[in-house]
Amino acid sequence: MFWPESRMFGMDPFAELRRLQREMNRLFEGYGEAECAWPAINLWSNRDEVVVSAEAPGVDPKDLKVTVQNDIFTIEGERKPEDLGENAVTHRAEREFGRFSRSIRLPYEVDNSKVTARYRNGVLTVTLPRSEVSKPKQIAVATE
Amino acid sequence: MKENKQETAVETKKPAETSAVELTRDQPVFAPATDIAEREDSFVILCDLPGVDEKHVDITLEEGVLTILGYQDTATPADHEWLYRGYTPGVFRRAFTLGSEADPNKIRAKLAHGVLRLEIGKSEKAQPRKIPVQTE
């Protein structure tokens, strides 16, 4: 058998192949994919909140929009080119400009009203507290 | 044409002994995205240094070689687990050869929203001088 027994029943036998293909694609695309996604994002979480930080240098905070809907977090905005003055000759242009948008699914629903965002030194840090509804509740097991 | 000048804006690898500072740190070193433009009397360099405080930027211009060093704030939220890692904080380092035109006494640096803007004036002798032509 080419796939584990547990996957055999009621499952598309090609699902495993497709998964492998996806994995291989990711392996080869690697950093290319990561580079396309601007800004670069780091995500942390614990039981009570998610913290997102994004490297978005050169963006005016006025042009930055952070939205949260249920468990989808979106950061969008625009990076505008700097004024170099007239008659400037460009030797090197590695910094990119334009509109960007990134959405991320969070591990749980967050409380929209308690989300805080801070932009400092070109890094956006957003703290998203977990909504009370989505917090796990422990149920006491009674013994007889 | 002006943009084909080889001596300007050519990236160089700096020998380790002249920039021993960052070698003592156990952090990854990245080359920040940089724009370089030249004007008649100055160079303008824009460098993306996200997460770098103005106190942690080191700019030197020695013998025509400009070196930019920036140390990112590597603090991570305490008591949290990694969910997704899109970037790693570290050290930004980039060096450019500007040639003898760049005047070390005429550097203006500004760091705003994680972008370093350097304006380096050209020395007097490098600036184009208009020579009046006399007619008889």
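General observations
- Backbone N within the range B:86-115 under 20 Å of label point (7 Å from B:Thr60 Cα along the Cβ vector): B:91-110
- For A:Leu106, net neighbour charge (Lys/Arg +1, Asp/Glu -1) across residues whose Cβ lies under 15 Å away: 0
- With DNA, RNA and ligands ignored, accessible area of A:Asp111 (1.4 Å probe; Å², nearest 10): 40
- Most to least accessible of B:Ile107, B:Ile131 (protein chains only, probe 1.4 Å): B:Ile131, B:Ile107
- Under Karplus coefficients 6.51, -1.76 and 1.60, residue-wise ³J(HN,Hα) of the range B:67-82 in Hz, glycine/proline x: 10, 10, 10, x, 9, 6, 6, 9, 5, 10, x, 6, 6, 10, 9, 5
- Neighbouring Cβ atoms from other chains, within 10 Å of the Cβ of residues in A:90-101, number 5 on average.
- If you plug the beta carbon distance of A:Ala15 and A:Trp38 into 1/(1 + (r/R0)^6) with R0 = 35 Å, you get a FRET efficiency near 0.60.
- Average beta-carbon neighbours from other chains, 10 Å sphere, peptide B:48-57: 4
- Inter-site label distance for A:Ala142 and A:Ala93 at 7 Å from Cα along Cβ, in nm: 7.3
- Among the residues of A:76-82, the average count of other protein chain beta-carbon atoms within 10 Å of the residue beta-carbon is 2.
- Going by accessible surface with a 1.4 Å probe and the largest first, A:Glu16, B:Glu136 read B:Glu136, A:Glu16.
- Proportion of all alpha-carbon pairs of the range B:56-120 beyond 19 Å (%): 45
The values are calculated or read from the model by the stated rules, or taken from the named source; none is laboratory data. All figures in this text were calculated on a predicted structure; none of them were measured in a lab. Please note: Cβ atoms are built from the backbone with ideal geometry, for glycine as well, and neighbour counts cover all protein chains shown. Each accessible area value is taken on the protein alone, full model and side chains, heavy atoms only, with ligands, DNA and RNA left out. Shrake-Rupley method; radii C 1.70, N 1.55, O 1.52, S 1.80 Å.
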